[in-house]
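Colleague: Handing you a structure now.
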Amino acid sequence: MEKEKNGCRKSYFLFVLFIFLLIAGVNLGEVDAVWEKAVTICLSCMGID
């Protein structure tokens, strides 16, 4: 029973950490940077530079 509570706490902590880092990345404008890099890589894979 104690292991289940400990596992649940870890999952909750990781979820909260994920949300915090997601919000921090969005506020810092990282979404645009990642999107631009993804488009560049996709276009270069197709041979369109």
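Colleague: Within the stretch 33-49, count every residue that is loosely packed, with under 10 Cβ neighbours inside 10 Å, acidic (Asp, Glu) and either at pLDDT 90 or above or part of a helix (DSSP H, G or I) (or both).
Modeller: Within the stretch 33-49, residues that are loosely packed, with under 10 Cβ neighbours inside 10 Å, acidic (Asp, Glu) and either at pLDDT 90 or above or part of a helix (DSSP H, G or I) (or both) number 0.
Colleague: Tell me yes or no: at least one residue of the stretch 14-26 is open to solvent by less than 100 Å² (accessible area, probe 1.4 Å) and either assigned to a loop (DSSP other than H, G, I, E, B) or touching a Pro at 6+ places or on another chain (Cβ under 7 Å) (or both).
Modeller: Looking for residues that are open to solvent by less than 100 Å² (accessible area, probe 1.4 Å) and either assigned to a loop (DSSP other than H, G, I, E, B) or touching a Pro at 6+ places or on another chain (Cβ under 7 Å) (or both), one finds none in the stretch 14-26, hence no.
The values are calculated or read from the model by the stated rules, or taken from the named source; none is laboratory data. All values derive from a computational prediction rather than experimental measurement. Glycine gets a Cβ as well: all are built from the backbone with ideal geometry, and neighbour counts include every protein chain shown. We work out accessible area using only protein heavy atoms, side chains counted, and drop any ligands, DNA or RNA first. Shrake-Rupley method; radii C 1.70, N 1.55, O 1.52, S 1.80 Å.
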